1. Can you grab the distance from the C-alpha centre of the range 163-189 to the C-alpha centre of the range 88-127, Å, no decimals?
2. In the range 85-186, if the dipole is taken from +1 on Lys/Arg beta carbons and -1 on Asp/Glu beta carbons about the Cα centre, which of Tyr106, Val135, Thr153 is farthest to the positive end?
3. Using a cut-off of 18 Å between alpha-carbon atoms, which lysines can reach Lys126, once sequence neighbours fewer than 8 places away in the same chain are excluded?
4. Test of understanding: extend the Cα→C-beta vector of Lys130 to 7 Å, then name every residue of the range 146-173 with backbone N under 13 Å from that spot.
5. How far apart, in nm, are two points set 7 Å out from the Cα along the Cα-to-Cβ line at Ser90 and at Asn63?
6. Can you tally the net charge around Trp139? Count Lys and Arg as +1, Asp and Glu as -1, for every other residue whose Cβ sits under 12 Å from the Cβ of Trp139.
7. Report, in debye and to the nearest 20, how large the dipole of the chain comes out about its Cα centre when Lys and Arg carry +1 and Asp and Glu carry -1 on their Cβ.
8. How large is the accessible surface of Asp144 in square angstrom, using a 1.4 angstrom probe and rounding to the nearest 10?
Amino acid sequence: MIKIKFCGISHIEDAIVASNYADLIGVVTDPISPRFVKPEFIDIVKNFVNKPVVNVKVKGKINDIVNESKAEYVQIHRVLDMEEIEDILSYNKKFILYVPSSEKYYSYFKTIVNKTNHLILIDSEKKGEKVNLEVSKIWIKEYDKVGIGGGITLNNIEEFLSLNPYWIDISSGIEKYKSKKDHDKMIRIAEKVKEWKSIL
Ligand SMILES: O=C(O)c1ccccc1NCC(=O)[C@H](O)[C@H](O)COP(=O)(O)O
């Protein structure tokens with residue numbers, strides 16, 4: 001069954017609902033995000049949920065990010081240089097590595113696949129844009145640990161499920177307003193994923 005990551009969680013009550021309906025709970029601790037929370041929020045959330053938490057960062061040294069919270073996963077939402085990819089290998093930590101959905105990053109995608117065993121999130125090159133589904137379709141077939149995010153909503157989720165990714169990743173599409181999640185949308189997304197499995 002396709003897994004779900006609800007991301008941009010910044011309220012405890014949203015984390016509790018996410019824990020009941022998703023497989024991963026993403027918390028963005030980078031000030032660049034309107035959903036930004038301090039890393040300490042992750043340690044509080046972990047007292048309320050029974051699913052792994054993902055610490056999402058754009059900037060920052062990998063060593064600092066790995067050590068700043070008790071999150072089970074670290075998601076580095078930027079393209080890494082070769083030194084950073086080598087550095088990642090030295091940590092006994094689960095990572096989600098962002099790869100922009102563009103042909104020009106195919107060699108980067110293959111480098112991550114060949115050098116690491118980590119999860120890969122294919123996402124739009126620019127936040128707020130829709131991920132490139134054609135590129136995603138090809139890459140998902142090449143590696144079985146690829147998730148997809150970037151513009152997923154209740155109205156278009158079937159386009160993403162049809163690619164059969166390892167997981168779908170949603171932040172803005174499950175919100176009432178920036179940073180506050182809509183619990184009904186979260187539940188309905190989970191229901192659609194569950195229904196999708198039944199029609200396969
Ligand atoms: O969610 C954010 O606010 C965010 C900000 C900056 C970098 C990454 C961010 N989220 C990372 C995720 O994994 C999102 O779930 C993914 O990009 C999909 O986001 P959306 O298109 O808003 O559903």
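The values are calculated or read from the model by the stated rules, or taken from the named source; none is laboratory data. Computed from a prediction, not measured in an experiment: that's the story for all the values here. In this analysis, Cβ positions are derived from the backbone assuming ideal geometry, glycine residues included, and neighbour counts consider all displayed protein chains. In case anyone asks, the SASA skips ligands and DNA or RNA and just uses the protein heavy atoms, side chains included. Shrake-Rupley method; radii C 1.70, N 1.55, O 1.52, S 1.80 Å.
1. Cα centroid to Cα centroid, the span is 22 Å.
2. So the residue furthest toward the plus end is Thr153.
3. The reachable lysines, counting only those whose Cα sits under 18 Å from Lys126, are Lys57, Lys59, Lys104, Lys178.
4. The answer is 150-161, whose backbone nitrogens lie closer than 13 Å to the label point.
5. Rounded to a tenth, the inter-label distance reads 0.7 nm.
6. So the environment of Trp139 carries a net charge of -1.
7. Roughly 260 debye, rounded to the nearest 20.
8. Looks like 110 Å² after rounding.
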